[in-house]
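As structure tokens, the structure follows; a few thoughts come after it.
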Amino acid sequence: MNDILNHLIDEIMFYWYALYFLPTEVRFFIQAAMALLLCSACLMITLYLRRWYLNAKENKQKDLKFRFQYFIYDALVESSKQEVLSSTAMIVRKFKQHELNSAMEKQLMINLMIELKKNFSGNAKKQFEHLYVCLGLHHISVAKLRSSNIQERIKGIRELSEMNYQCEALERALTEWQLSPHEQLADEVKIAAIKCQSSHMLSFLNNQDTPLSDWLQIQLRYHLEALPAEQRPNFSQWLNAPSPSAIVFVLQMIVLFQQKGCVKQISQLLHHSSDTVKSAAIGALEQLEAREEAGALFNVLDTNNTELKIEALHAIGLLGQLFHAKLLNPLLQHPSAKIKRASQRAISRINARNTSTGNHATLTAHTITS
């Protein structure tokens, strides 16, 4: 075996020294080719090792996730059988058998509890929140808030809000980061403030001077709907927000949650400089059936925006009284055919509704007399 190896080494050395007798250009290309082959071999070995490492890590995570999930479900079932309110001590005792030493294990446990918690409610849901604290996992999430990495901060805020853990660090983040220049971080904080039912919920609207993204509006609406009715704020406090899109969003929430006590404030928006806000205000008054504000809609008829004027006429037709119909008569001579038709429809709706109401009143009086 040694003879073969020595012979192989001799052959390699022979060809290596033979290179020096070749022309410089040929020697350069051969050496470059050998270097490329060596680099390719190193790259392939590196990729193989990386793939092996990722597969091993994934398999370990699957195994840990299964065991963690088994422990949690087992403890919750035992707790249910014993009719004990809190099974935290039982769960912690089970997990003492498997110490959460590595950062990967701790992060996996946090992710798993957040995922499972969504499928539970009532006492079981509170047990997850209690377990999160008893295992000390909240320290991991709080530490992320101090990270210079934006993605780590976002993860920390998401974890703390999902597990409903209130702390000074989170409250400070909800106060300071709602208007962060990092849009993703700012959006996450705005959503977290609602999930935590923080006193800073939607406070960013007072300083929001840029349009709200569609994604953020969808998320805000979803989490506001998930709140108990008594926890939802009075949205009228943000009707003077600097951003027209923020005002439109607020009007949508007022309509969604039927906060009819702010129709007076909504009617004041009919004087707003933005036609988008005026349009949203008209729609809000219409959907809230604010008949007492039908007269305020006439202020919009002075606009040069034909579409906006038509929207106002439509709302007047739905909300107005008979004397409002008389006030619309001059518009029947308007030079715009669209305005004429909209005025005619509004007058017809008002007359039809009030005539129907009058007939119903007459029929009721006749029935009582009989």
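The values are calculated or read from the model by the stated rules, or taken from the named source; none is laboratory data. Note that the structure is predicted; figures quoted are calculated from it, not measured. Neighbour counts are summed over all protein chains in view; Cβ atoms, including those assigned to glycine, are modelled from backbone coordinates with ideal geometry.
For this structure, a couple of remarks:
- All positions within the stretch 226-246 that are in a helix (DSSP H, G or I), within 18 Å of the chain's Cα centre (by Cα) and surrounded by 12 or more Cβ atoms within 10 Å (Cβ to Cβ): S245, A246
- Helices (runs of 4 or more DSSP H) enclosed by the stretch 269-331 - at least 1 residues per element that are hydroxyl-bearing (S, T, Y): 275-287, 306-319
One line per residue, one yes/no per condition, for (1) among the polar types (S, T, N, Q); (2) under 23 Å from Q184 (Cβ atoms):
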| position | (1), (2) |
| --- | --- |
| N206 | yes, yes |
| T210 | yes, yes |
| L224 | no, yes |
| P233 | no, no |
| A246 | no, yes |
| L251 | no, no |
| F257 | no, no |
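- Pairing residues of the stretch 187-202 that are farther than 12 Å from Q219 by Cβ and free of Cβ contacts under 8 Å to residues at least 40 places away in the same chain with residues that are surrounded by fewer than 24 Cβ atoms within 10 Å (Cβ to Cβ) and acidic (D, E), at Cβ distances under 8 Å and at least 6 apart in sequence or on separate chains, gives S198/E171; H200/E171.
- Apart from one condition, R221 fits all of (1) in contact with a Ser or Thr (Cβ under 6 Å, 6 or more places away or on another chain); (2) in a helix (DSSP H, G or I); the exception is (1).
- Of the residues in the stretch 299-320, not one is surrounded by 14 or more Cβ atoms within 10 Å (Cβ to Cβ), under 24 Å from N206 (Cβ atoms) and under 38 Å from the mean Cα position of the chain (by Cα).
- Matching residues in the stretch 163-190 - criterion: being under 23 Å from L137 (Cα atoms), more than 17 Å from the chain's Cα centre (by Cα) and in a loop (DSSP other than H, G, I, E, B): Y165, Q166, C167
- Exactly one residue among F28, F71, F14 is of a type in the set (F, W, Y), at pLDDT 70 or above, out of contact with any Ser or Thr (no Cβ under 8 Å at 6 or more places or on another chain) and more than 30 Å from E152 (Cα to Cα), and that residue is F28.
- Residues within the stretch 141-176 that are more than 17 Å from A186 (Cα to Cα) and surrounded by 20 or more Cβ atoms within 10 Å (Cβ to Cβ), tallied: 2
- All positions within the stretch 191-215 that are surrounded by fewer than 17 Cβ atoms within 10 Å (Cβ to Cβ), within 15 Å of the chain's Cα centre (by Cα) and part of a helix (DSSP H, G or I): D214, W215
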